Every structure is written in C-alpha cells, then in structure tokens.
Amino acid sequence: MSVTPPGPIGDPLFGNGRQYADDPFGFMRACADSYGDVIRFDLGPRETYLLANPADVERVLVADAERYRKPQFGDGAMDRLLGQGLLMSEGDTWRRQRDLANPAFHNSRIAALSGTMVEHTRDHIADWTPGETVDVQLELARLTVRIIVSAMFGADISDEEVKTVQEELEPLGARFEPDPRRFLIPNWVPTRENREFDAAVDTLESVIDGIVERRLGTERDPAADPAGPEGVAVPGPAGDSDGDLPMDLLSVLLRARDRGEQTDENLRDELVTMLLAGHDTTALTLTYTFYLLSNHPDARERVETEAEAATGGGRAADDAAAGGGRAADDAAAGGTPPTAADAREMTYTDRVLNEAMRLYPPVYTLFREPKLDVKLGGYRIPEGSALMLPQWVIHRSPRWYDDPETFDPGRWSPERRSERPRFAYFPFGGGPRHCIGKSFSLLEAKLILAEVCSTYELDYEGPDLSLRGSLTMHPDHPVPMRIRER
Ligand code: HEM
C-alpha cells in the first residue's frame, strides 16, 4: 500500500489553491471521482487531505474526536471575527461555553419559542404584496436575524440594525472565499479587503454591544425570556440554580459574567458567533428549499397541504372565515399560530428539508486538524495537516444515493434511510461538536414554511442556480421569486 494518498498535482507556490478557489465544488468532486476515499493536495502551503468516505468522517467527528481540533488558517481572520466563541474555541474553554449555552437550546425551551418564530414570520410576510418579486435570500436572512436576536438574546433589533448586519455580511463573506494568495497577505496588511473586513467586524460588534446595553439589568427578570414560563423552567447551568431565571442565551451569559465566569470579550465572541451561525445557515436552507419547491410542483403541493393543516390557514382558513366565530378571528390573523407539536406532524416537509440540505448543504465542508499523526483509510496523516470532510461531495455521491443529482424527498423514508451509512448525511456535523442549533433551526424552518406555504406560492425567476463558497455555500446571484397568492 502506498504511504501517501493519491491526489492532483499542484503548482509549486499555490499547490492546488487556484483550482480550489476557481471552483471549490467542482474541484472537490473531481478529486473524489478520480482518486478514491482519501485524497491529498496542497491549499497554498497547507498539506490537505480530503475524506470522501462516511466511515472516515465518523471516525474523525465521533469515535476519535479528541484527536482533532479545528484548524487555524494562519491569517487570523476567523479569530478576529469569532474569537473564542463556541464555533472556534477548543478544550476547556469550549467545554465551559458549551455547558453554559446548552440550557438555552434545551428541547422544551426551543418548543416554547415557536410563538416568537411565528410572530416574526407573520410580521415579515405581511409586507409582501402578491405579484411582486422579492430577493428571497435577502428576505429570509432579514427574518432569521430578527428571530435569532429575539429568541436567543431576548431583544428586538431595529430595521436599521438588520440592514446594517446584512450590509456587513458582504465584506465578511468575501474575506472567507477561497483565495490562493491569501496566505501571502496576513490580516494586518492594510489591503482594501482587509480594511473592509476590519470595519465590518467593528460594525457588527457595535450592533451586538447595542443589544447587550438594551438588555442590561433584565438578566434576572423572568419576563425577559421570549420562551415565557416554559422557557424559564429549563434547568440552568451550575450557579444558576435559583429558580425562575430567564434562560435566553444572553441572560445566561450575562449572569455568568456577573459571577466572574465570563469576560466582556467572551460574551461578545459568543454573541457574534450565535448571530452569524444562527441565521445565515437557516436562511440558506430555506432559500434552497423554496427554489427546489418552485421547480417541483408536486412536492410543493404536499408541503402546502401540511402547511394548511399546521396553521389552519390557506384554504382551511377561508372555510373557517366563512363559518364565523373564533375560528374566523384566527383565520383573519393568518390562522391559528402553529406550534412545535404541529411542526412535528409536518413529516413530508421534514423530508423536503433533508433533501434540500443534501443537495445544497449550507455548510459544504468541515475542517479538522490532527493533534498527532493519525491513520485514516490506511494512510498516515501527519499532525498539523488540514482535513476536509466535505458534505458537498458525500451528499452527492452515487455510492450512497441513487441518481444523486435528482431531488427526491422519498429517499428520506425510514427504510431507504437505513440502507445508508450514518455519515452519508451530516449537514449539522456530528459528535461532540455537532451543531447546537439543529433543533432550533429545523423548527424555525418548518414554521416559516408553514406560514409562507399556507398562503403563498413563490416562483423562481432567476438564472440557473450557481453557487459561491465562503464560510457557507451561497447562491452567486440574487434569488428573485415572484409571490403569488394560492
Ligand atoms: C440549517 C441550519 C444550520 C446548519 C446547516 C448548521 C450547520 C452546522 C455545522 C455543520 C456545525 C459543525 C461545525 C464543525 O463541526 O466544524 C455547526 C456548529 C454550530 N452551529 Fe450550526 N447550523 C445551523 C443552524 C444553527 C443555528 C440556528 C445556530 C444557533 C442558534 C447554530 C449555532 C452553531 C454553533 C454555536 C456551532 C458550534 C458548536 C460547537 O462547536 O460546540 N447553528 N452548525
């Protein structure tokens, strides 16, 4: 057996960085198609190994998780943006932050947030006019920012602040697009891109500081928890055991700061992390879902049927309105607000969301770095190299999915699912570092679908979808959709 895994030849300075930067998605798949389960190449100076087999992904994320850390990519940008927040911290710091954050993501608390999620969705789509065309990605990003700030920070965010966050995402995203020259230009060099990035981080932090300021003094007030009494009943972290305290993330972190367990910097890092990780991914999942539904009317109709059942809206609401009484009042307000229990009944919608995240995983590859030499797929992988665990490649592999390019929600039936290895699908990662916001985002996505699809159909009017890789996988153009009343 060869000691070095096969892989494409790169050029002396950039390795395969240029090919990766030109088309990360095509490059990763071509590698897996040509070279097998473990592929070696260089991204700039970084020795990189791509793992295309779910069994190896499972070993890295779950079985041998303690042998790996998240890599630092040399230029300091990730550190500048997310610092020691939950996504990037390691070791004891990560454990402490995760234990602190967990109660805010407790299942009963998430379920109690459905009212907040629906209320924001209704407010947002009340501004839509049938016949108009909107950029759905932008619309959903604005809505999900409002929801995360309200649900996790217990605060409202003004239209102006939402706009600011959106505008700053552009230079932030640009900074994380693959660029083969980046390792030659560290973060402190005042290039235009670096200056814009720095200014964007400053602006984002000032929005966060404003939110914290508005919440100061309410971190012990149960009325401040948007999840209501059910949310505050969740057991808190150690030191938070004195009963009815609000369990939204910001209250939990502020109390930890009062106890001397958090610095102002920890607090800010955590809030920037949650604001970014907690809205963009869900907005993208929904954008791709609406795009796919627009191209698959049969699936759309089935989602609409579930949406109507969940909300009592759409045609069901018309019938109720005709009948008069309380049902008619609910119908006028957009139907009975759907709850987490209603969302659980939306089983076909679950399959549609799974299929959307299979084809278009918002997080399209994970990165890890071995802390010591390891063996994977029969090869020795050296300490300090970069490992890529690409959802993009594995989710579209014909080894695990028949006809992998086809949208087929039916492949998520329990029988068909059980035929595949566990890590043939991992949009939320896995093991100890799995996504803390998974239940939150799935509930949010279903409630937004329930609200929109019980009333409207969105028809895609843009070009063939083309994709751009940054921290997450974005459409490379606006996503115009015409709003039509059903
Ligand atoms: C569809 C929506 C989402 C997707 C696809 C997604 C995906 C992921 C993935 C793949 C990871 C693992 C990263 C790694 O192992 O390197 C992750 C981690 C994380 N996600 Fe999500 N996420 C979503 C929604 C959310 C939401 C709504 C929040 C917050 C409310 C959130 C917060 C986080 C945080 C803090 C981590 C780091 C967890 C840790 O390392 O302990 N995510 N997410």
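Just so it is clear, none of the values below were taken in a lab; they were calculated from the coordinates. Treat the numbers as computed from the prediction; the structure is a model and nothing was measured. We place every Cβ from the backbone using ideal geometry, glycine too, and count neighbours over all the protein chains shown.
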Computed log₁₀ I(q)/I(0) - Debye formula, equal Cα scatterers, no solvent, segment 6-56, q 0.15, 0.16, 0.19, 0.31 Å⁻¹
-0.35, -0.40, -0.56, -1.27
Can you check what the net charge comes to around His395, using other residues whose Cβ is under 12 Å from the Cβ of His395 (Lys, Arg +1; Asp, Glu -1)?
+4
Given R₀ = 51 Å, what would the calculated FRET efficiency be for Leu372 paired with Arg416, taking r from the Cβ atoms and rounding to 0.05?
0.85
Can you tell me the mean projection area, over all orientations, of the convex hull of the chain's alpha carbons? Units nm², please.
23.6
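Could you count how many Lys pairs in the chain have their Cα atoms under 25 Å apart, skipping same-chain pairs fewer than 8 positions apart?
So the count works out to 5.
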So for each of 299-312, 162-175 I average, over its residues, the number of other beta carbons within 10 Å; can you give me the resulting order with the highest mean first?
299-312, 162-175
Spherically averaged projected area in nm², based on the convex hull that wraps the Cα atoms of segment 333-414
8.8
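Kindly rank 146-154, 347-355 from highest to lowest mean number of other beta carbons found within 10 Å of each residue.
146-154, 347-355
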Residue separation times 0.36 nm, minus the C-alpha to C-alpha distance between Glu261 and Arg468: what's the value?
70.6 nm
Once you have the alpha carbon radius of gyration of segment 85-178, what is it after dividing by 2.2 N^0.38 Å, with N set to its residue count?
1.33
Crossing angle, helix 280-295 versus the chain [Cα axis fit, 0-90 degrees, rounded to tens]:
80
The answer for Arg69, listing residues at least 5 apart or on another chain whose modeled amide H is closer than 5 Å to its amide H, is Glu369, Lys371
Cα-based equivalent ellipsoid of segment 105-239: semi-axis lengths in Å, sorted from largest, via gyration tensor
32, 22, 14
Taking only the alpha carbons of segment 1-156, the radius of gyration and the largest Cα-Cα distance, Dmax, both in angstrom, are 21.7, 64
Magnitude of the Cβ-charge dipole of segment 379-486, K/R +1 and D/E -1, about the Cα centre, nearest 20 debye?
540
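Using the alpha carbon gyration tensor of segment 211-293, what are the three equivalent-ellipsoid semi-axes (square root of 5 times each eigenvalue), largest first, in whole Å?
28, 17, 11
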Out of Pro103, Leu61, Met88 - ranked by how far each Cα lies towards the positive end of the dipole of segment 5-120, with unit charges on the beta-carbon of charged residues - the top one is Pro103
Degrees, to the nearest 10: 438-453 long Cα axis against longest axis of the chain
50
Residue by residue through segment 344-360, which ³J(HN,Hα) values in whole Hz follow from phi under the Karplus form 6.51 cos²θ - 1.76 cosθ + 1.60 (θ = phi - 60°), with glycine and proline marked x?
4, 6, 7, 6, 5, 4, 4, 5, 5, 5, 4, 5, 5, 6, 5, 6, 10
Ranked by how many other beta carbons lie within 10 Å on average, peptides 4-14, 113-123 from highest
113-123, 4-14
Evaluate the charge dipole of segment 14-86 about its Cα centre and quote only its size in Debye, nearest 20, assuming +1 on the Cβ of each Lys and Arg and -1 on the Cβ of each Asp and Glu.
180
Dipole in debye (nearest 20) - the chain, about Cα centre, beta carbon charges: Lys, Arg +1; Asp, Glu -1:
1740
